[in-house]
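Beneath this line is the structure, given in structure tokens, with notes to follow.
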Amino acid sequence: MPAACESVLEDIEDIVSAEDLKPHDRQFVRRNVFPKVRKRNSQKNAQTDDEPPSDSIIPGVQKIWIRTWGCSHNNSDGEYMAGQLAAYGYKITDNAAEADLWLLNSCTVKNPAEDHFRNSIKKAQEGKKKVVLAGCVPQAQPRQEYLKGLSIIGVQQIDRVVEVVEETIKGHSVRLLGQKKDNGKRLGGARLDLPKIRKNPLIEIISINTGCLNACTYCKTKHARGDLASYPIEELVDRAKQSFQEGVCEIWLTSEDTGAYGRDIGTDLPTLLWKLVEVIPEGAMLRLGMTNPPYILEHLEEMAKILNHPRVYAFLHIPVQSASDSVLMDMKREYCVADFKQVVDFLKEKVPGITIATDIICGFPGETDEDFQETMKLVEVYRFPSLFINQFYPRPGTPAAKMPQVPAAVKKQRTKDLSQLFHSYNPYDHKVGERQRVLVTEESFDSNYYVAHNPFYEQVLVPKDPLLMGKMVEVNIYEAGKHFMKGQPVSDARVHTASISRPLAKGEVSGLTEEFRRSAQNGTKWKAQPCAEIPVKTQLSSWMALQLPWQQEGGGLKILSVSLALLAVLVMFYYGGMKTEL
């Protein structure tokens, strides 16, 4: 961003930066999407019948590679986009080289994540791949130079990913960045009952809300996700029920701040959690995502009761970021260190054995050596078993980027010092010899073990016995490392299978209707009701007039594409007739 433009954004509450579309312009663009048609030279026009022009390529048969960076919320969005594309007929591939199109789902939290995203775009272009961009980077700043000419699907428009991919494959550039609203009120995002492909068929990630109520001076995500917008409780419970019916045994609740859930719709997090635990079957577990201290403070008693529930992990991620009140004030974190300690101390007393994970930023602008030592003391006292250490990176357009910066060498040294402190203690040594109940959900990175978690969401590695996957078993802990324990299954223990249905196969689409499944089994293409806006005689083929089952609106791109094709045919016919007369 040019320096002149940076000075316009005075605070993080100004969600739209100087380079981005203004609300009125964005609304206008959303309602009037016109694909940018790629020009062809005369040589390309002289194609044979075996090489049809790009606009005649039938969408829905190409291979798509999807790459996602960032948080659980982003991963959930990626799963939904993959599911819709697969349901439409596209093949989701793990092989980037063989893919026809790359869907890159970005994260804007730190510079390295955006650097990887930018490099992937360059690599795709060098490989002559079609590209669609998603996630927080293009949503926050769609007019960045390296994004020019590329298709973008906004974070609240993921239910229209099929349209954007289809137009991109035809050679058009499409951008959908609008917000979803109901009677003027901003919604949490796309529907929760969309088809999806879970990265892990045993784990369902549910975004309970998007955005937040904070205005942290270092945060770029706020520019993309905006203010708090929560999903209704009944929709979240229905999504959980569906997940268990598809063989899921572990649910993750995620958002930018789960503790703020419901404040915009007249409810709160404990009310949602009590409704959810009612539908969790025996042998399944619920994991709560990140919450900031101010909002959990209001519900400490009730949250302690919920975290003691046998089907809820006694685990909570509460970012502190710094143990200096002056630094927290510069960050606009809206709490002090005493608030954080009150939350942690209360939960440790009321929920014995609870795991508290936290985040710390090293080298925030204005952080002194004394400030940093306060943070070191906090870690020494609480010995967090899970600690996310982040060196500060100034993000363009944020207030913190304009503050006087801590020298890079100092930031690096503080990050190193805190990392050394964290690795100086072993949180699980005292648990060797214990008998623990664990839920097995995935394979380890080295493929030598299965990964399970005990009631405190501590990682336990178990033998690779296929009979254990998706099951809750008892193990004897015989070894402990810095980030894990190792357990041997107890032979006489009862094994719990969480769900009434078998898990979906890896890559299988979740949330498809029975009608859709029968069509697929019979080898026929999904045939939906025709779009009401398109006359019957213009429905040239089933895919051209398709209105996807989860889309009751927004068929404008497809309709426009058909109209342009028909107009081109009429123009060619007209001029052909004129030449004949002459």
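The values are calculated or read from the model by the stated rules, or taken from the named source; none is laboratory data. All of these numbers come straight from a predicted model, not from anything done at the bench. These area figures cover heavy atoms from the full protein model, side chains too; ligands, DNA and RNA do not enter into them. Shrake-Rupley method; radii C 1.70, N 1.55, O 1.52, S 1.80 Å.
Sequence-distant contacts, meaning Cα pairs under 8 Å at least 6 residues apart, place the relative contact order of region 251-334 at 31 percent. Taking a 22 Å limit on the Cα-Cα distance, which of the listed pairs K122/K412; K464/K486; K348/K486 fall beyond it? K122/K412; K348/K486, as the Cα separations exceed 22 Å there. For region 59-179, the relative contact order comes to 25 percent (Cα pairs under 8 Å, sequence separation of at least 6). Kirkwood radius, region 194-241, all distinct C-alpha pairs, inverse of mean reciprocal distance: 12.8 Å. Rg/Rh for region 334-459 stands at 1.04; both radii use Cα atoms, and Rh follows the Kirkwood definition. With Rg and the Kirkwood Rh both taken from Cα atoms, where does Rg over Rh land for region 261-384? Rg/Rh for region 261-384 comes to 1.02. Taking amide H as placed 1.01 Å from N in the peptide plane, Q391 has its amide H under 5 Å from the amide H of C362, each at least 5 places away in sequence or on another chain. For E479, the solvent-accessible surface computed with a 1.4 Å probe is close to 70 Å², ligands and nucleic acids excluded. Rolling a 1.4 Å probe over the protein heavy atoms leaves F340 with an accessible area of roughly 0 Å².
If you model region 110-188 as an ellipsoid using its alpha carbon gyration tensor, with each semi-axis the square root of five times an eigenvalue, the axes come out at 23, 16, 9 Å, biggest first.
Shape of region 72-118 from its Cα gyration tensor (a ≥ b ≥ c, root eigenvalues): rounded if a/c is under 1.5, otherwise prolate when a/b > b/c, or oblate? Kindly include the intermediate steps, with their values, before the conclusion.
On the way: a/c = 3.41, a/b = 1.52, b/c = 2.24.
Oblate, because a/c is 1.5 or more while a/b does not exceed b/c.
Scattering from the C-alpha atoms of region 430-497 alone, worked out with Debye: what is log10 I(q)/I(0) at q = 0.13, 0.16, 0.26 1/Å? With one equal scatterer per Cα and no solvent, log10 I(q)/I(0) is -0.28, -0.44, -1.21.
Please tell me the relative contact order of region 430-497 in percent, rounded to the nearest whole number, where contacts are Cα pairs under 8 Å and at least six residues apart.
Values: 147 pairs, mean separation 21.6, N = 68.
It comes to 32 percent, rounded to a whole number.
For V312, the residues whose modelled amide H falls within less than 5 Å of its own, excluding neighbours fewer than 5 places apart on the same chain, are L286. For region 189-206, putting each phi into the Karplus relation 6.51 cos²θ - 1.76 cosθ + 1.60 with θ = phi - 60° gives couplings of x, 5, 4, 7, 9, 5, x, 8, 10, 6, 4, 10, x, 8, 10, 9, 9, 10 Hz, in residue order, rounded to whole numbers and with x for Gly and Pro. Just list whichever of K130/K185; K181/K402; K241/K305 have alpha carbons separated by over 24 Å in the model shown. Among K130/K185; K181/K402; K241/K305, the Cα-Cα distance tops 24 Å for K130/K185; K181/K402. Per the Cα gyration tensor, region 59-179 maps to an equivalent ellipsoid with semi-axes of 19, 16, 14 Å, ordered largest to smallest.
Using heavy atoms of the protein chains and a probe of 1.4 Å, the accessible area assigned to L467 is about 130 Å².
In the full protein context, region 430-497 carries 51 Å² of accessible surface per residue, based on a 1.4 Å probe and ignoring ligands, DNA and RNA.
Across region 312-363, Cα-Cα pairs more than 12 Å apart make up 64 percent of the total. For region 379-435, what % of the accessible area comes from carbon and sulfur atoms, probe 1.4 Å? The value for region 379-435 is 55 percent carbon and sulfur by accessible area.
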